[in-house]
1. State whether one or more residues within region 170-177 are in contact with a Leu (Cβ under 9 Å, 6 or more places away or on another chain), touching a residue at least 12 places away in the same chain (Cβ under 8 Å), under 22 Å from Leu369 (Cα atoms) and assigned by TED's automatic domain parsing to the domain that holds Phe350.
2. Run down Ser286, Ser366, Ser281 and say which single residue is touching a Ser or Thr at 6+ places or on another chain (Cβ under 7 Å), at negative phi, among the small types (Gly, Ala, Ser) and touching a residue at least 40 places away in the same chain (Cβ under 8 Å).
3. Going by the structure shown, is Leu43 modelled with pLDDT of 95 or more, over 32 Å from the mean Cα position of the chain (by Cα) and either assigned by TED's automatic domain parsing to the domain that holds Ala238 or crowded, with 20+ Cβ neighbours inside 10 Å (or both)?
4. Would you confirm whether any residue within region 144-151 is over 30 Å from Asn301 (Cβ atoms), more than 23 Å from the chain's Cα centre (by Cα) and part of a helix (DSSP H, G or I)?
5. Select from region 29-47 the residues that are touching a residue at least 12 places away in the same chain (Cβ under 8 Å) and either assigned to a strand (DSSP E or B) or of a type in the set (Ser, Thr, Tyr) (or both) and list them in ascending order.
6. How many residues are assigned to a helix (DSSP H, G or I) and in contact with a strand residue (DSSP E or B) (Cβ under 8 Å, 6 or more places away or on another chain) when one looks only at region 190-219?
7. Just name the residue that is nearest to the chain's Cα centre (by Cα) out of those in region 192-211 that are under 30 Å from Ser140 (Cβ atoms) and surrounded by fewer than 21 Cβ atoms within 10 Å (Cβ to Cβ).
8. Go over the candidates Gln309, Gln346, Gln351 one by one and state the one that is over 27 Å from Val202 (Cα atoms), surrounded by fewer than 17 Cβ atoms within 10 Å (Cβ to Cβ) and touching a Phe, Trp or Tyr at 6+ places or on another chain (Cβ under 9 Å).
Amino acid sequence: MQKKDDNTMSNNKHITECLYGSETAKALTNFTISDLKMPRSFLWALGTIKGSCAQANQELGLLDTDKSAAIQLAAKEIADGFHDNQFPIDVFQTGSGTSTNMNANEVIASLVKLASQNTINVHPNDDVNMGQSSNDVIPSCIHLSAAKLVAEQLLPSLDHLRSTLNEKANEHHDTIKTGRTHLMDAMPLSFAQEISGWSAQVSYAHEQLKNSLFSLCKLAIGGTAVGTGVNTHPDFAAIVTRLLTAKTGLTFIAAENYFRAISAQDTAVHLSGLLKTTAVSLSKISNDIRWLSSGPLNGLNEIQLSERQKGSSIMPGKVNPVIPESVLMACTQVIGNDTTITLAGQSGNFQLNTMLPLIAHTLVQSIQLLSSSSTALADKVIQDMSVNHLMINQNLVKNPMLATALTNLIGYEKSAEIAQKAYAQKRSVLDVAKELTDISETELVALLDPKTLIGNGGAIK
């Protein structure tokens with residue numbers, strides 16, 4: 001095949017002819033459970049690791065320069081997505097992911113053969129898979145793909161959401177509104193303070209996920225079949241991780257204990273738990289927004305969202321909170337995925353976990369769903385949502401819980417009497433308090449001023 005100007009092996013992004021071999025063909029016959037394939041980010045990791053392994057073996061004097069260079073170029077094409085159609089194996093396959101690893105070995109060998117016009121022959125196992133086993137390659141791909149997605153997609157998306165929330169909060173330090181507990185009226189707070197709670201949830205998720213990168217960047221590569229490193233050079237893992245560090249900007253090292261790295265998926269389970277927590281946080285924020293924008297006449301109607309599409313095929317003029325709803329569905333999927341990954345993580349028997357492809361697929365999906373959801377909330381909801389000041393002020397002035405501000409002077413029981421009468425008669429607490437207490441109107445106005453009841457006013461830290 002002719003090389004492209006950008007130093008790739010093919011002129012077309014997808015080669016229509018079959019590049020894989022007999023082991024992949026057997027897997028296609030054996031595994032017909034679903035139409036789910038290994039995700040793009042996992043194939044990027046697989047190609048990146050294969051290329052790094054070839055370069056490491058060359059540096060160690062185990063693979064000649066021509067073979068190594070050819071394998072690296074073919075592996076890069078796989079990493080760059082040129083041959084995704086050559087990876088047709090079902091996610092629900094052999095639990096070690098051996099079929100996908102063999103698939104990559106075969107495709108790389110075929111690409112080398114085609115590109116060199118049969119002048120360079122590499123063997124899928126002896127050359128492409130040199131110093132490796134599916135049992136250390138696939139767990140390493142899980143960590144590599146997840147680390148890249150967390151670092152390059154999820155963390156920036158969460159940071160963008162946090163910044164957008166903070167900008168919106170800074171617009172509303174003086175917007176005082178009714179707080180709610182148990183879905184019932186409570187003491188007032190500023191809208192900035194309410195938003196600051198959402199922002200703090202996002203910040204917490206960001207911090208925890210950032211910390212998870214330390215464990216994700218420890219790879220099983222070099223442990224080969226059972227963790228003993230059989231058939232690989234003792235310096236192989238150090239070179240591979242050094243090369244991956246240079247290619248990604250993340251600091252990768254070999255796992256301290258290969259037996260844990262290959263037989264267990266505790267790091268993936270831990271990350272999934274953090275993703276679940278993030279999903280719970282985004283769900284809380286989305287539900288708050290849905291409640292606050294409910295109405296417009298028979299709901300809270302304190303904020304208004306931009307109209308994204310028609311809300312009903314039968315009710316003209318209806319506007320629904322479609323983006324928060326879509327985020328809630330994505331978060332529900334992530335929460336369900338955590339159960340899948342938890343159960344899959346339990347499937348480490350003796351020296352190997354046997355649900356690696358499922359963990360890889362599901363973990364990638366969760367990271368990508370949360371990345372997209374965070375961006376959608378920021379750009380399509382928070383950024384252009386507006387406040388209904390009229391409704392907020394009407395609710396605030398009639399909030400019977402303002403009577404709480406009087407308890408230090410007149411006690412709980414008298415304050416409760418004022419609150420109940422104000423609510424029953426649809427009057428303000430101020431009017432009722434003037435009738436039922438001997439506190440001066442001037443003092444009552446000062447005591448019941450919502451601005452004095454909200455603390456620091458919702459400063460974002």
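1. no
2. None of the other options fit; the residue is Ser366.
3. Taking the combined requirement at face value, the residue does not satisfy it.
4. Among the residues of region 144-151, not one is over 30 Å from Asn301 (Cβ atoms), more than 23 Å from the chain's Cα centre (by Cα) and part of a helix (DSSP H, G or I), which makes the answer no.
5. Scanning region 29-47 gives Thr32, Ser34, Lys37, Ser41.
6. Counting residues in region 190-219 that are assigned to a helix (DSSP H, G or I) and in contact with a strand residue (DSSP E or B) (Cβ under 8 Å, 6 or more places away or on another chain) gives 2.
7. So the residue we want is His206.
8. Gln351
The values are calculated or read from the model by the stated rules, or taken from the named source; none is laboratory data. Owing to the predicted nature of the structure, the values given are computational and were not obtained by experimental measurement. Every residue, glycine as well, gets a Cβ built from its backbone with ideal geometry; the counts of neighbours run over all protein chains shown.
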